Amino acid sequence: MAWLQSDSRLRNHHKVEASAEDLGISKVQFIGHLHLLWWWVIEYKEKGIISPYGQVDESAKEFHISKLIAKGAEWTGEATDLYEVLVRYAWIDVLDNGDVEIHDWNELSGKYSIKKEQTRERQRKYRARQKAKNEFYNPKQMDMEAEVWDGKTEIAEVVSENTKTSEATLSQRIFSSLTRTIEVVGMICHRTRGADIIKLLHSW
């Protein structure tokens with residue numbers, strides 16, 4: 001769920017009163033439209049920058065952005081009227097390339113943006129760990145069999161062609177040797193503990 005900061009002092013801010021007066025609406029209505037715009041931006045333009053969808057002519061860029069702003073704010077009047085008031089009282093800043101940025105967006109969405117970035121970093125680290133684990137043990141590259149004859153244990157290892165080549169990593173070879181050792185111990189003791197340990201290693 002997206003969220004942002006809303007200062008209680010906004011209700012009596014001179015910019016709110018001036019904006020509402022220019023638009024011919026009440027202060028309460030303007031605050032509502034302003035928050036609707038902010039909520040729309042944090043959902044669909046989380047960096048706070050509003051630009052048209054797709055390629056548009058530079059001369060029509062302002063019009064398309066004003067339509068997006070009106071849609072986000074659920075403004076039913078002329079889109080350009082709302083756009084001009086928001087620019088006039090610095091609720092939005094026009095960038096050099098014609099895009100629009102919500103004024104002080106980092107302050108408005110700061111904590112949410114930080115939390116979202118932290119979540120992305122955790123996901124990135126998790127994917128990195130998963131990738132490292134998959135590189136350490138890849139069942140598609142190793143196929144091992146164990147056979148028991150007359151109470152004597154002998155390991156018959158079937159190694160794939162990839163493993164026989166230099167492509168097999170040192171970690172895979174170590175894992176293969178360790179797995180065989182555990183299987184031998186498990187069979188000698190006539191228990192299933194060896195298989196349990198192997199499952200544990202596979203899930204690690």
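Just so it is clear, none of the values below were taken in a lab; they were calculated from the coordinates. No experiment lies behind these values; they were computed from the predicted model shown. Positions of Cβ are generated from backbone atoms using ideal geometry, with glycine treated the same way; all protein chains shown enter the neighbour counts.
Just a few scattered comments:
- Within region 69-97: backbone nitrogen closer than 20 Å to the ASP57 label point (7 Å, Cα to C-beta): 79-80, 97
- Length gained on full extension, GLU74 to ASN106, computed as 0.36 nm times the residue gap minus the Cα-Cα distance: 9.2 nm.
- Loop-located GluC sites (Glu not before Pro) in region 1-96, at most 14 other Cβ atoms within 10 Å (DSSP): GLU46, GLU74, GLU78
- Approximating the spin labels as points 7 Å out from Cα along Cα→Cβ, the SER8-to-LEU36 distance works out to 2.6 nm.
- Other residues within the sphere of radius under 12 Å centred on the Cβ of ILE25, judged by their own Cβ, net out at -3 (K and R +1, D and E -1).
- Relative to the current alpha-carbon distance between GLU84 and ALA132, full extension at 0.36 nm per residue lengthens the span by 12.0 nm.
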